[in-house]
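Have a look at the structure below, then the notes.
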Amino acid sequence: MDNPLEKVIETKVCDYAKSKGMLAYKFTSPNRAAVPDRMFITEGFVFFIEFKRLGKRPTPQQTREIDRLTNHGMAAFVIDNIEDGKKLIDDISSKNANT
């Protein structure tokens with residue numbers, strides 16, 4: 001699968017995160033459109049991921065919400081492929097294991 005659908009990337013990365021002991025919640029917010037797709041929780045650390053197809057960028061509204069989160073000290077990422085998603089999960093897992 002050279003260019004999997006966004007939902008395939010999201011599912012694979014979420015399954016991987018769960019295999020590492022993370023919680024992966026579908027994130028929606030009433031009265032606030034364009035929030036990131038998922039909220040992940042691990043060892044007291046919360047971060048958000050907006051999933052896209054390979055090469056696709058967030059909409060201006062999604063970028064605004066990601067900026068809003070990061071400006072409030074939250075970690076938020078845009079992931080457009082399974083490999084980068086798994087690497088992010090590994091990086092966060094190892095970072096939290098060393099704290």
> When the chain is treated as a GNM, springs tying every alpha-carbon pair under 10 Å, which of ARG68, ARG57, ARG32 comes out with the largest mean-square fluctuation?
Replying inline: ARG32
> Mind checking which helices in the chain clear 18 Å along their axis (Cα) and have mean Kyte-Doolittle hydropathy of -1.0 or more, DSSP H runs only?
Replying inline: 6-19, 82-97
> How many nm is it between the label spots at SER29 and VAL8, if each spot is 7 Å from the Cα in line with the beta carbon?
Replying inline: 3.1 nm
> Under the definition of Cα pairs under 8 Å and six or more residues apart, what whole-number percent is the relative contact order of the stretch 6-97?
Replying inline: 29 percent
> For ASP15 and GLU43 in one chain, what is 0.36 nm times their gap in residues minus the Cα-Cα distance, to one decimal in nm?
Replying inline: 8.3 nm
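FYI, it's all coordinate maths here, none of it is from the lab. This one's a predicted model, so the numbers in the text were calculated from it and none came from an experiment. Cβ atoms come from the backbone with ideal geometry, glycine included; neighbour counts cover every protein chain shown.
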